[in-house]
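Shown next, in structure tokens, is the structure this report addresses.
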Amino acid sequence: MTDPRIALMGELRELAAGPLPDFDPALADDFAATGRRLPYETQYFARRRHLAAVAIAGDARALDEVLTAVCDERSWALPAHWGEDDPLRCVDLFACETAQTLAEILALRHDITEGDNVRAEIEGRVIAPLFDSESPFWWEERISNWTAVCAGAAGTAALALGVDHDRIRARIIPALQSYLFSFGPDGGCVEGVDYWVYGFGYFTYFAEAWRDATGEDLLAGNEAIASFPAAVQLAPGSFATFGDSGPDPVLPPGLLARLADRLGVALPAIERTPSFADDHTARWAHLTRTLEWGRELGGRIAPGRTLLPDVGWFVERRRIDGRMWALAVKGGYNEEPHNHLDLGSFIIAVDGEQLLCDPGAGEYTAAYFGPERYEQTHPSAAWHSVPVLEGAEQQPGEDSRAELTDTGDGVAVAIDAYGDGALGRAFTWTDGGIALDDSGPEITESFVSRLRPEIDGDRAVWTGERGTVVLHGVDAAAATVEHVDAAAHDGAPDRLWALRFPLGGALRFELL
């Protein structure tokens, strides 16, 4: 990876020279009417991207223009998060991020005329509602990225505005400690690499600002958490996509460099230098810390095996005929943050291309985070590579659990998530392939991919650009091939294919 700062500055100058993006406030009400998030959020993040670019590489007139526009917004929170709150004082992820962005812009730029108004808006929308509240916000005691992002961004904003340190300590530090309690000794993040970047990134940004201000080091001792991306990489730039993860998460070079420099942790292998455009939410904190801390990064990919027993993830990489093959298997429980019904599901990838896939995140809508969540394609059991037992799919809930055991030549999974039925799965590496042994009552197999399988006798073949997987042991007479057209996280069309058949004997994946 080359030094990211040079390309970023060129990108920011080009963005800053453009006009203020169009913004239709009425789209905020579209979410309530349709459940769609993207129409409003796309313009919201376009404005935030312009704000960041102009603040770093634009003139005072353009910066005053966008600052005025942001301060005139009905809410800095997203409509999906308003609920019963007053939108103006709704303290969500993006209100806190906006507060941090504006507070740091005030510290960075002294040539603007909107300073007093901007400060008043930050204090009225985020600082006062948070720091003056006698009751905790729900996210202050939640074990998810929300805790770290809201507390970290609001706390960093408070530091930039000169809020009393004792006041910050009393409100922010307990929330961040709650966030750290969500990790077990293995450092695994149940929400995946994307949300590790988000949550642990904002924890790190506040921790470093707090260390600069007070000398107290909150980051020390978190080496296991900082090592998570390197532990679960499938190939350079590719990671396991369990839960609401994406196939190619943007790992900010500044964050990675800081963690490597401060904690001495191994870096994941990243071949491509990310751009500001790669971050669809245009996060100021990632951008500015990369400009401050970023540098050329190493990192490498090598064969290896990782079992994270607390989070319930297994990843093993093996080099076969010059290509890096990877097997990733999911355990855990079915009430995790950003949960999918995916216990025992797995990925087979070659050089980062998932031939048997985990679907990752779908488009975020009201239904996606409502009672109908598991009827949506991406979180459902039907579109993960998990069997049906006696006609029953996996059930949601904390009691639905799967435990992983490293067997030395693979991994075994004990799954109790089907009501009265239990499933045992064992993945074993063999010469040129992976054997799958499933045990349980009346099993109907399901194997999911973005590639259409071709059935050839008792074999099913998935052919990708970088390799081929052949499944031996298919009941061809009873097998069905189905597909579903859904929307990916960014709203783009996403077609998934499923091969389903009743289990009748041994199964083996041949890797070609």
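Observations
- Failed item, numbered, when T365 is tested on (1) within 15 Å of V484 (Cβ to Cβ); (2) in contact (Cβ under 8 Å) with a residue 40 or more places away in the chain: (1)
- Test: G473 is surrounded by 16 or more Cβ atoms within 10 Å (Cβ to Cβ), in the same structural domain as E390 (by TED's automatic domain parsing), more than 30 Å from the chain's Cα centre (by Cα) and under 15 Å from V386 (Cβ atoms): no
- Applying the condition of being touching a residue at least 40 places away in the same chain (Cβ under 8 Å), farther than 17 Å from E65 by Cβ and surrounded by fewer than 13 Cβ atoms within 10 Å (Cβ to Cβ) to the stretch 10-33 and asking which residue is farthest from the chain's Cα centre (by Cα) yields D29.
- Scanning the stretch 181-208 for residues that are in a loop (DSSP other than H, G, I, E, B) and closer than 13 Å to L255 by Cβ yields a total of 0.
- In the stretch 5-20, the residue that is farthest from H50 (Cα to Cα) out of those that are part of a helix (DSSP H, G or I) and of a type in the set (A, V, I, L, M) is I6.
- Meets criteria (β-branched (V, I, T) and either outside the structural domain of C96 (by TED's automatic domain parsing) or at pLDDT below 95 (or both)) for I143: yes
- Boolean, F23 is of a type in the set (F, W, Y), at pLDDT 95 or above and either in a helix (DSSP H, G or I) or outside the structural domain of I127 (by TED's automatic domain parsing) (or both): no
- Looking only at the stretch 60-86, and only at residues there that are without any contact (Cβ under 8 Å) to a residue 24 or more places away in the chain and not small (G, A, S), the one that is farthest from Y364 (Cα to Cα): R61
- Selection count, the stretch 460-512, where residues are outside any strand (DSSP E or B), of a type in the set (G, A, S) and within 30 Å of L38 (Cβ to Cβ): 3
- Selection from the stretch 211-249 of residues that are among the aromatic types (F, W, Y) and free of Cβ contacts under 8 Å to residues at least 40 places away in the same chain: none
- Filter result for I127 (of a type in the set (A, V, I, L, M), touching a Ser or Thr at 6+ places or on another chain (Cβ under 7 Å) and either touching a residue at least 12 places away in the same chain (Cβ under 8 Å) or crowded, with 24+ Cβ neighbours inside 10 Å (or both)): no
- Scanning the stretch 244-272 for residues that are under 14 Å from the mean Cα position of the chain (by Cα) and part of a helix (DSSP H, G or I) yields nothing.
- Condition check for E465: more than 18 Å from G331 (Cα to Cα), assigned by TED's automatic domain parsing to the domain that holds I348 and in contact with an Asp or Glu (Cβ under 8 Å, 6 or more places away or on another chain): yes
- For the stretch 66-81, the criterion of being crowded, with 17+ Cβ neighbours inside 10 Å, of a type in the set (A, V, I, L, M, F, W, C) and over 26 Å from I172 (Cβ atoms) is met by at least one residue.
- Of all residues in the stretch 34-59, exactly one satisfies the criterion of being within 17 Å of C71 (Cβ to Cβ) and either among the β-branched types (V, I, T) or in contact with a strand residue (DSSP E or B) (Cβ under 9 Å, 6 or more places away or on another chain) (or both), namely V54.
- Taken together, G312, G322 contain a single residue that is at pLDDT below 95, small (G, A, S) and not assigned by TED's automatic domain parsing to the domain that holds D248, which is G322.
- If you check A175, A153, A160, A148 for being part of a helix (DSSP H, G or I) and either among the charged types (D, E, K, R) or closer than 18 Å to H338 by Cβ (or both), only one passes: A148.
- Residues in the stretch 60-101 that are in a loop (DSSP other than H, G, I, E, B), acidic (D, E), at pLDDT 95 or above and more than 16 Å from A151 (Cβ to Cβ): D72, E73.
- If you go through the stretch 144-171 and keep only what is crowded, with 24+ Cβ neighbours inside 10 Å, in contact with a Gly (Cβ under 7 Å, 6 or more places away or on another chain) and of a type in the set (A, V, I, L, M), you end up with A148, V149.
- Residue in the stretch 102-115 that is farther than 23 Å from A53 by Cβ and part of a helix (DSSP H, G or I) present: no
The values are calculated or read from the model by the stated rules, or taken from the named source; none is laboratory data. This one's a predicted model, so the numbers in the text were calculated from it and none came from an experiment. Glycine also receives a Cβ, built like all others from the backbone with ideal geometry; neighbour counts cover every protein chain displayed.
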